[in-house]
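Contents: one structure, followed by commentary.
The values are calculated or read from the model by the stated rules, or taken from the named source; none is laboratory data. Bear in mind that the values here come from a model prediction, so they are computed numbers and not experimental data. Every residue, glycine as well, gets a Cβ built from its backbone with ideal geometry; the counts of neighbours run over all protein chains shown. Ligands, DNA and RNA are excluded from the accessible area calculation, which covers all protein heavy atoms including side chains. Shrake-Rupley method; radii C 1.70, N 1.55, O 1.52, S 1.80 Å.
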Amino acid sequence: MKSNTIAAIATPMTNSGIGIIRISGDEALDIIEKVFKPKKKDKKIKDVKTYTAHYGHVYDESTLLDECIVLVMKGPHSYTAEDVVEINCHGGVVVMKKVLEAVFKAGATPAEPGEFTKRAFLNGRLDLSQAEAVADVIHATNEYALKSSVSQLSGSVSNKIKELRSQI
């Protein structure tokens, strides 16, 4: 699915030790190249292997914003089945907003609520039952609800439906 590249803060907007900004889409690697400078100066994020972490600094043009770790997960083997980059920065509200603004300046557009999961569904990474289970996991208020939601997320409902369909 060819679409715009989206970004959002993926952790709660409160002061904490770590804050995560997620970027997903065709231009995710180009965007991170514009805002992230790895400690190893000769490293190109576009050329690194998938499922790798990289230490460096994030900038808004020439202004240093924070020290961070960048995780690279190349599609189709990512949550959204697109190229995904996560910036793990310090979790202050101001720094997270500034990093996100820099990502927007570099070409990303704001993600709508649930849009990462929507893309995972549209790209065939999750079925509808699993996509709905993501919200259930996030909003689980007790251990039973969490266990049920995680089971659904791992495909228990989908597998049962497939089994019934084959019998019919």
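What the table shows:
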read-out	value
Selection count where residues are open to solvent by 40 Å² or more (accessible area, probe 1.4 Å) and under 17 Å from Val99 (Cα atoms), scope the stretch 31-64	10
Residues of the stretch 13-30 satisfying the condition of being closer than 14 Å to Leu100 by Cβ and open to solvent by 40 Å² or more (accessible area, probe 1.4 Å)	Met13, Arg22
Count of the stretch 118-129 residues which are farther than 20 Å from Leu29 by Cβ, part of a helix (DSSP H, G or I) and either touching a Leu at 6+ places or on another chain (Cβ under 7 Å) or touching a residue at least 40 places away in the same chain (Cβ under 8 Å) (or both)	2
Unmet requirement for Ser78, which otherwise passes all of (1) open to solvent by 10 Å² or more (accessible area, probe 1.4 Å); (2) farther than 14 Å from Lys37 by Cα	(1)
Spans of strands (runs of 3 or more DSSP E) in the stretch 11-113 with at least 2 residues touching a residue at least 40 places away in the same chain (Cβ under 8 Å) and small (Gly, Ala, Ser)	16-24
Test: residue in the stretch 88-102 that is open to solvent by less than 90 Å² (accessible area, probe 1.4 Å), within 27 Å of Glu61 (Cβ to Cβ) and touching a Lys or Arg at 6+ places or on another chain (Cβ under 7 Å)	no
Selection from the stretch 147-168 of residues that are aliphatic (A, V, I, L, M) and over 21 Å from the mean Cα position of the chain (by Cα)	Val157, Ile161, Leu164, Ile168
In the stretch 3-39, the residues that are farther than 14 Å from Val72 by Cβ and more than 17 Å from the chain's Cα centre (by Cα)	Thr14, Asn15, Ser16, Gly17, Lys34, Lys37, Lys39
Filtered residues of the stretch 133-167 (kept if open to solvent by 100 Å² or more (accessible area, probe 1.4 Å) and modelled with pLDDT of 85 or more)	Ile138, His139, Thr141, Glu143, Tyr144, Lys147
Residue check, Glu67 under 16 Å from the mean Cα position of the chain (by Cα), of a type outside the set (S, T, N, Q), at pLDDT 95 or above and open to solvent by 60 Å² or more (accessible area, probe 1.4 Å)	no
